[in-house]
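Everything below concerns the one structure shown next.
The values are calculated or read from the model by the stated rules, or taken from the named source; none is laboratory data. Because the structure is a prediction, the values reported are computed rather than measured. So basically every Cβ, Gly included, is an ideal-geometry build from the backbone, and we count neighbours across all protein chains shown.
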Amino acid sequence: MAEIDIRKTIVLTGASRGIGHATVKRFSREGWRVITCSRQAFAEDCPWPAGPEDHIKVDLADQEDVGIAVSEIRHRLEAHGGQLHALVNNAGISPKLKDGGRMNSIETPMHVWRDVFQVNFFAPIMLARGLFKELAAAKGSIVNVTSIAGTRVHPFAGTAYATSKAALGSLTREMAHDFGPHGIRVNAIAPGEIDTAILSPGTDKIVETIPLRRLGATSEVADIIFFLCSQQASYVTGSEIHINGGQHV
Ligand SMILES: NC(=O)c1ccc[n+]([C@@H]2O[C@H](COP(=O)([O-])OP(=O)(O)OC[C@H]3O[C@@H](n4cnc5c(N)ncnc54)[C@H](OP(=O)(O)O)[C@@H]3O)[C@@H](O)[C@H]2O)c1
């Protein structure tokens, strides 16, 4: 009979860079099994325990590919008694104009709008619903990564991005309501200006007005994601935590 792996398991999208990369390191350090999902193959230069075996190459912009990934994840979770302790919907895209400028609500092409919603909003729904049984079996939790741009106009983040994040924030409340009776907690984190590749030139100007006067580190975001997935947050659901050095005030 195959042995059952007793480590806690997280499925994390967009693990190859930035916030996702810091999150995989945080959970890995705590002894969790981390199943990572992104378009790129596993990066050999950043090994964590069982990384390559637990990486799934998926394009979240492609609905069919997401469906295939869900089946593959469920198959891999069988080694854990079919339990999933956390799903973190972190992958996100934020298209800009060629010169790096903001894509506004008058000119953003519809195909860009659809791609952004597929990756930032529909993929999280598909993953959460597809992995519902495994999350319920573990009394697990979901963390959706939204953005400060979901609640205010941002100088660089485009309209499609902002509205997709607002929708994801709303979805977090809806899912907290619907998934709660099944023992699954659903929360969101809304980062401000975090030091990653997604940032635009000119962010240094924004930082001058943030109360804490600095960019956030990816590890500071990963710490809050970890907290929300831990027992210490066992009565927290339906919340959206700002991680922005006070930018929202
Ligand atoms: N950095 C910030 O200041 C900030 C602020 C507010 C919110 N956020 C949010 O935080 C999350 C992470 O941001 P980040 O700055 O760490 O971003 P990032 O450095 O650009 O990384 C994005 C991740 O998403 C993955 N990804 C993108 N498109 C994908 C697709 N179609 N299918 C599968 N994976 C895809 C990428 O992996 P591959 O390229 O391998 O596919 C990558 O791992 C995003 O949701 C972002 O909106 C960030």
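Going residue by residue through segment 168-176, is there one that turns out to be in a loop (DSSP other than H, G, I, E, B), touching a residue at least 24 places away in the same chain (Cβ under 8 Å) and not aromatic (F, W, Y)?
No, that holds for no residue.
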Any residue in segment 181-198 that's modelled with pLDDT under 95: show its pairings with residues that are more than 11 Å from the ligand (Cβ to nearest atom) and assigned to a strand (DSSP E or B) at Cβ separation under 9 Å, as long as the two are six or more apart or on different chains. none
Identify, by number, the condition in (1) within 12 Å of the ligand (Cβ to nearest atom); (2) part of a strand (DSSP E or B) that N187 doesn't meet. (1)
With the first residue restricted to segment 102-125 and required to be part of a loop (DSSP other than H, G, I, E, B), and the second required to be aromatic (F, W, Y), Cβ contacts under 7 Å at 6 or more apart or on different chains are R102/F156
Sole miss for S94 among (1) within 14 Å of the ligand (Cβ to nearest atom); (2) out of contact with any Phe, Trp or Tyr (no Cβ under 7 Å at 6 or more places or on another chain); (3) under 17 Å from I198 (Cβ atoms) is condition (2)
Surrounded by 15 or more Cβ atoms within 10 Å (Cβ to Cβ), at pLDDT 95 or above and of a type in the set (D, E, K, R) - does that describe any residue in segment 118-131? no
Name every residue in segment 64-93 that is touching a residue at least 12 places away in the same chain (Cβ under 8 Å), farther than 21 Å from A190 by Cβ and aliphatic (A, V, I, L, M), in order of residue number. V66, A69, V70, I73, L77, A79, L84
Being in contact with a Lys or Arg (Cβ under 9 Å, 6 or more places away or on another chain) and over 14 Å from L12 (Cα atoms) is the filter; apply it to segment 132-141 and report the residue that is surrounded by the most Cβ atoms within 10 Å (Cβ to Cβ). E134
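Sort through G216, G238 and tell me the only one that's under 16 Å from the mean Cα position of the chain (by Cα) and small (G, A, S).
Criteria check complete, one pass: G238.
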Answer residue from segment 209-240, given it is touching a residue at least 40 places away in the same chain (Cβ under 8 Å) and surrounded by 19 or more Cβ atoms within 10 Å (Cβ to Cβ) and is farthest from the ligand (Cβ to nearest atom) among those: T237
Within segment 19-30, does at least one residue satisfy the condition of being loosely packed, with under 13 Cβ neighbours inside 10 Å, part of a helix (DSSP H, G or I), more than 10 Å from the ligand (Cβ to nearest atom) and not aromatic (F, W, Y)? yes
Considering residues that are part of a loop (DSSP other than H, G, I, E, B) and within 9 Å of the ligand (Cβ to nearest atom), the number found within segment 155-167 is 1
Candidates K96, K139, K133, filtered to the one that is in contact (Cβ under 8 Å) with a residue 40 or more places away in the chain and on the phi > 0 side of the Ramachandran plot: K139
